[in-house]
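See below for the structure under consideration.
The values are calculated or read from the model by the stated rules, or taken from the named source; none is laboratory data. Nothing here was measured: the structure is a model prediction, and the numbers come from that model. A quick note on method: Cβ atoms are made from the backbone with ideal geometry, for glycine too, and the neighbour counts reach across all protein chains shown. The accessibility values were calculated without ligands, DNA or RNA, using every heavy atom of the protein model including side chains. Shrake-Rupley method; radii C 1.70, N 1.55, O 1.52, S 1.80 Å.
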There are 2 protein chains.
Amino acid sequence: MVYDIAIKDVELTEPGDGTLFNIGINGSTIGYVGTDPVEGKTVLDGRDHLAVPGWVNAHTHVAMTLFRSYADDMALMDWLQNRIWPLEARLDGRAVYWGSLLGIGEMIRTGTTCFADMYFFMEETAKAAADSGIRAVLSRGLTGSSPEDGAARLEENTQLYKTWNGAQNGRITVMFGPHAPYTCSPDYLKTVIARARELGAEIHMHLAETAGEVADCLKQYGKSPIALMEELGMFEGGTLAAHCVHVDEADQDILARHGVRVAHNPQSNLKLASGIAPVASMLKKGITVGLGTDGASSNNNLDMLEEVRLAAMLAKTQSGDPKAVPASQALAMGTWMGAKAVGLKDTGKLEVGQKADIVLYNMDSPAWYPRHDRTSLLVYAASSADVDTVLVDGNILLRKGELTTIDLEKVTAEVGQCLKEMTASAE
Amino acid sequence: MVYDIAIKDVELTEPGDGTLFNIGINGSTIGYVGTDPVEGKTVLDGRDHLAVPGWVNAHTHVAMTLFRSYADDMALMDWLQNRIWPLEARLDGRAVYWGSLLGIGEMIRTGTTCFADMYFFMEETAKAAADSGIRAVLSRGLTGSSPEDGAARLEENTQLYKTWNGAQNGRITVMFGPHAPYTCSPDYLKTVIARARELGAEIHMHLAETAGEVADCLKQYGKSPIALMEELGMFEGGTLAAHCVHVDEADQDILARHGVRVAHNPQSNLKLASGIAPVASMLKKGITVGLGTDGASSNNNLDMLEEVRLAAMLAKTQSGDPKAVPASQALAMGTWMGAKAVGLKDTGKLEVGQKADIVLYNMDSPAWYPRHDRTSLLVYAASSADVDTVLVDGNILLRKGELTTIDLEKVTAEVGQCLKEMTASAE
């Protein structure tokens, strides 16, 4: 048969010995992976390229790309109060749209095919995801600073769910986004949980990011953030928990028992001096751990390969075992475990029936030589600049390193203009 | 006047506000940096590029590029005894030459202009450095496995010094390379130190890499590796100490007192589960800390920007202070502090009178937007794939991403052939 797209003569990480495979794609789905010849209406030459599932960025705030390198090397509260919040107060939908598109362009160029986001003006991020063709799992950041504000934001998240969940051939889904235990009261969280249950939606939340958060929670509620959320019933309907840096054995057992999925953000956690999450331990307990970049203002890029590499590296020193989180497990965290973490069931593997979210790495740079082990080369040596081709949902979003759906020159000009207006009005 | 090379309209990290500078280069040296117009026999257009001093890779084993991804995620002794040493026993000069050239090609492409190396068949690495045009600080790895072997290796290092120190317009210098306290007896170390002093040479050595090394040294000699080296007089004539992961306050005070320069290898230390060096503390004590990749078999690439970024990130979590090792200090560690660490006096800064070792980053990728802070963008967001142009000693070794002195296709073919022969004879 003739597929919509055929990728010919491409290498895979398994068996990783240089065998050439062919991939056939029909519509949004992978229809064939094997060594038989395939024909396609569109043919991509895979020679000297490695095909892998696209990265899933399991936690970010993509519009914060606007604030990349605006303020670094600062204490968290100084950074928030004196630099980020004053600018965020001047954000509008237009800035969020262009900032989202800049971040999405960066993600596609670096091999990310799906991202889970929590921020505001999310309607605009949804439009940017729709326009660009990337897969997205969106949530409105919910804080209960006043009852009125909290209720209004919950309405926004509800509208976002009703308008966008399942949109674009299922490419966009929506979760509810209560920000964190220290910004949402237990009563507000109960309201959010009830609304999510009513709609059958899942929840995306920051949990146990810093030692200070855990200490404050213990002091205020006599429980860790994880135990408090369990008590509130947060974990009954599907939860993506970002960070989980400071989780002890008991916390990890709660996460495992309820099937809570974790988004580990290694670089952001290092940069903000939050610490190193016990990833090897969580994986041993059977917890699904995906990887995220967090926002570009605390990372400072959206390059998932950096996170995959760092997660593997940090886990070895954090656990004291150089065998912990080998390359193949880091690859899994960046792909199918990430997809599972953000609530997707048919994404993250190069298998028949999965969504055609595929990245082709060009292996011609020196870091890909010699070719002892392709998984190890990808995870430990390659660069995201080697990403040549990106498909999402069966559509080609990057070809020979060029974005097909985003005009980067226009995006950077619009971002510049938005920032000029925001900083002018802030002065 | 007309310079040999003029770089026009280029941005610098200081002031980093987008001001356009011109750089004039005469011979191997920077003759002008400023905003006046310059003319050159060769003119490089610097528009939308950032000029920085080239990275100094202060500790590597470049020929181990041959073993990149040959064996990962293993315990150190299993890795060495069952994977690395059997192959190393079959190394010859030809393999080291081509393996070195592959690693040098990778370093030039990723913006490294100088590397400090310790390995064997170093004559071949010297030839590769000479042929490629990169700056190199070479030492023969010295172990005293038997008195005869130890003496023969010391002779090799002596010959290397006599033949290559100051060669190629001073581009190649030579140190002595006693491997480590656990592979060299105190008597052998004294012999090495005496020979180095006799010739006026400096020393490059692995020190305090693992907790096990420190514990064993305390048990055997009643002193830490650092204190033992001080007692042997190791630190009197200029020392580059690689790793220094497990150094307590007293050790750090010894390093500071003797002006010992440290090569910090953050990624290798993570991957081998060795730990995280107390970099913020060492810097506060005034110790010169450069950065290194270590060999590609334990990293697994030679990309210095990764190390610069990781050093800044790790220092924050290691010290518990998000303000520790800000971007500007990480940049310093990767450039002029690294140059000082490897014993170079006129390299590592973009200033008149310094060697023209310069890298131009193309700022057109999404990670360089918006342009709030160029130093921060470089250290926290950019990719080594953005390296467009590399000069070493006033010669252009990379232009528009293309190597000018290395035929990469030939190098990878030769590396493949060498490995085929080595692995065949190992079976």
Query raised in the report: Are there residues in the stretch B:322-366 whose accessible area shrinks by at least 40 Å² when all protein chains are included rather than the chain by itself, and which are they (probe 1.4 Å, ligands and nucleic acids not counted)?
Result: B:Pro322, B:Lys323, B:Pro366
Query raised in the report: Using 19 Å as the cut-off for backbone N distance, which residues of the stretch A:1-28 belong to the label zone defined by a point 7 Å from the Cα of A:Val43 along Cα→Cβ?
Result: A:1-11, A:20-27
Requested in this report: Please say if the stretch B:76-216 is rounded, prolate or oblate, where rounded means a/c under 1.5 for a ≥ b ≥ c the square roots of the C-alpha gyration tensor eigenvalues, and otherwise the choice is prolate for a/b larger than b/c and oblate otherwise?
Outcome: oblate
Report summary line: the stretch A:121-165 and the stretch B:383-419 have their Cα centres apart by a whole-number Å value of 47 Å
Query raised in the report: With each pseudo-label sitting 7 Å past Cα toward Cβ, what's the A:Arg197-B:Lys223 distance in nm, one decimal?
Result: 6.9 nm
Query raised in the report: Per residue of A:375-384, what is the mean number of Cβ atoms on other protein chains within 10 angstrom of that residue's Cβ?
Result: 6
Query - Summed side-chain charge close to B:Leu207 - residues other than B:Leu207 whose Cβ falls under 10 Å, Lys, Arg +1, Asp, Glu -1 - result: -3
Report summary line: By the Cα gyration tensor axes a ≥ b ≥ c (a/c under 1.5 gives rounded; else a/b larger than b/c gives prolate, otherwise oblate), the shape of the stretch A:268-359 is oblate
Query - For the stretch B:214-281 and the stretch A:323-337, distance of Cα centres in Å - result: 33 Å
Query raised in the report: Per-residue mean of other chain beta-carbon atoms within 10 angstrom of the beta-carbon, peptide A:267-273?
Result: 6
**Report entry** ³J(HN,Hα), Karplus 6.51/-1.76/1.60, whole Hz, each residue of the stretch A:11-24, x for Gly, Pro
**Finding:** 8, 10, 6, 10, x, x, 9, x, 4, 9, 10, 10, 10, x
Requested in this report: Over 27 Å, how big is the tail of the calculated P(r) for the stretch A:188-316, in percent of all Cα pairs?
Outcome: 18 percent
Query raised in the report: Hey, how much of the P(r) for the protein assembly as shown falls beyond 42 Å, as a percent of Cα pairs?
Result: 31 percent
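In percent, what relative contact order does chain B have, based on Cα pairs under 8 Å that are 6 or more apart in sequence?
Reported as a whole number, the value is 21 percent.
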Requested in this report: Please give the per residue accessible area of chain A, computed with a probe of 1.4 Å over protein heavy atoms only, in Å².
Outcome: 33 Å²
Report task. Would you mind giving the mean number of other chain beta-carbons within 10 Å of the Cβ of each residue in B:97-103, as a whole number? Result -> 1
Query raised in the report: Computed from the mean reciprocal separation of all distinct C-alpha pairs, what Kirkwood hydrodynamic radius does chain B have, in Å?
Result: 21.8 Å
Query raised in the report: Quick one: label points 7 angstrom along Cα→Cβ at B:Glu14, distances to the other copies in nm, smallest first?
Result: 5.3
Query raised in the report: Is it possible to state the helix-based mean residue ellipticity at 222 nm for chain A, with each DSSP H run of 4+ residues giving -39500 (n - 2.57), the sum divided by total residues, to the nearest 500 deg cm²/dmol? What is it?
Result: -11000 deg cm²/dmol
**Report entry** Axis-nearest residue in chain A [Cβ, rotation onto B], distance in whole Å
**Finding:** A:Ala385, 1
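Order these peptides, B:328-336, A:335-343, by their mean beta-carbon neighbour count within 10 angstrom, highest first.
A:335-343, B:328-336
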Report task. Just the number, please: carbon plus sulfur as a percent of the accessible area of the stretch B:53-340, 1.4 Å probe, no ligands or DNA/RNA counted. Result -> 51 percent
Query raised in the report: Given a Förster radius of 22 Å and the C-beta distance between A:Asp131 and A:Asp346 as r, what FRET efficiency does 1/(1 + (r/R0)^6) yield to the nearest 0.05?
Result: 0.40
Query - Cut-off 14 Å, label 7 Å out along Cα→Cβ of B:Ala215, residues of the stretch B:54-80 by amide N - result: none
Query raised in the report: Counting only protein heavy atoms and rolling a 1.4 Å probe, how much accessible area do A and B lose on contact, total for both sides, in Å² to 100?
Result: 4300 Å²
Query raised in the report: Going down the list A:Lys410/B:Lys349; A:Lys8/A:Lys345; A:Lys223/A:Lys340; A:Lys400/B:Lys41; A:Lys219/B:Lys284; B:Lys349/B:Lys400, which pairs span over 24 Å between their C-alpha atoms?
Result: A:Lys410/B:Lys349; A:Lys8/A:Lys345; A:Lys223/A:Lys340; A:Lys400/B:Lys41; A:Lys219/B:Lys284
**Report entry** Three-way shape call for the stretch A:302-403 based on the alpha-carbon gyration tensor, with the a/c threshold at 1.5
**Finding:** oblate
Report summary line: Other residues with Cβ under 11 Å from the Cβ of B:Lys190 give, with Lys and Arg +1 and Asp and Glu -1, a net charge of 0
Requested in this report: Quickly work out the B:Lys410-to-A:Ala424 label distance, labels modelled 7 Å from Cα along the C-beta direction, and quote it in nm with one decimal.
Outcome: 5.7 nm
Report summary line: Sorted shortest first, the nm distances from the B:Glu155 label point (7 Å along Cα→Cβ) to its counterparts in the other copies are 9.0
